[in-house]
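Visitor: Just passing along the structure, written as structure tokens.
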Amino acid sequence: MEEREEFAERYGTTPLEFNEWLDMLKKAGARNITYEFDEWSKPEMFWKIREDRDVKHRFFTMSIAERIKTVARICQEYGLKGVLKAMQNERILFKAVLSGKIGYCLFKGEK
């Protein structure tokens, strides 16, 4: 399975390249499109995802309370197998972000 297809299957959405997003916005009729790509696409920016604190390790992207609540919800809905799958997905996502395979970009346009 191609990596892009695997991400789509794993996360329920297909990651798009910068130019694909730009083309899609233009096709939708957006004008005056501005974007912040370089700054947000850097892997080190991943650690800046919490406004209230610096994140030093992927485990701490959520607070302990948030993590417990999330794990409880997943377990209630999908059982232990679901929790293990979510943890596996999380590791794969973080690895992809930190290796620079996927990143963030902010777009703004007018319709």
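Coordinate-derived values only; no laboratory data. Not measured: the values here are computed from a predicted model. Here the Cβ is made from the backbone with ideal geometry for all residues, glycine too, and neighbour counts use every protein chain on show.
Visitor: Among the GluC sites (Glu not before Pro) within the stretch 12-109, which fall in a DSSP loop and have no more than 15 other Cβ atoms within 10 Å of their own Cβ?
Guide: Hits after loop and neighbour filter: Glu17, Glu51.
Visitor: Let me ask another. How large is ³J(HN,Hα), in whole Hz, for each residue of the stretch 65-73 in order, when computed from phi with the Karplus curve 6.51 cos²θ - 1.76 cosθ + 1.60 and θ = phi - 60°, using x for Gly and Pro?
Guide: Each residue's phi maps through the Karplus curve to give 4, 4, 5, 4, 4, 5, 4, 4, 5 Hz.
Visitor: Be a star and scan the stretch 70-111 for residues whose amide nitrogen sits under 16 Å from the point 7 Å along the Cα-to-Cβ vector of Ala30.
Guide: Those under the cut-off are 103-111.
Visitor: So, one more: If you only keep lysine pairs separated by 8 or more in sequence, or across chains, how many in the chain come under 12 Å at the Cα atoms?
Guide: Going through the chain pair by pair, I get 5.
Visitor: Here's a follow-up. Relative to the present Cα-Cα distance, how much length would full extension add between Asp52 and Glu90 at 0.36 nm per residue of separation?
Guide: Using 0.36 nm per residue and subtracting the Cα-Cα distance, I get 11.6 nm.
Visitor: Select from the stretch 1-63 those trypsin sites (Lys or Arg not before Pro) which occupy a DSSP coil region and have at most 13 other Cβ atoms within 10 Å, ordered by residue number.
Guide: Qualifying residues, ordered by number: Arg50, Arg53, Lys56.
Visitor: Can you divide the C-alpha Rg of the stretch 54-111 by 2.2 N^0.38 Å and report the result to two decimal places?
Guide: Expressed relative to 2.2 N^0.38 Å, the Cα Rg reads 1.44.
Visitor: Here's a follow-up. Rounded to the nearest 500, what is the 222 nm mean residue ellipticity of the chain from helices alone, with -39500 (n - 2.57) per DSSP H run of 4+ residues and division by all residues?
Guide: -17000 deg cm²/dmol
Visitor: Would you mind listing how long the chain runs along its three principal axes, going by Cα atoms, in whole Å with the largest first?
Guide: In descending order, the Cα extents are 46, 35, 27 Å.
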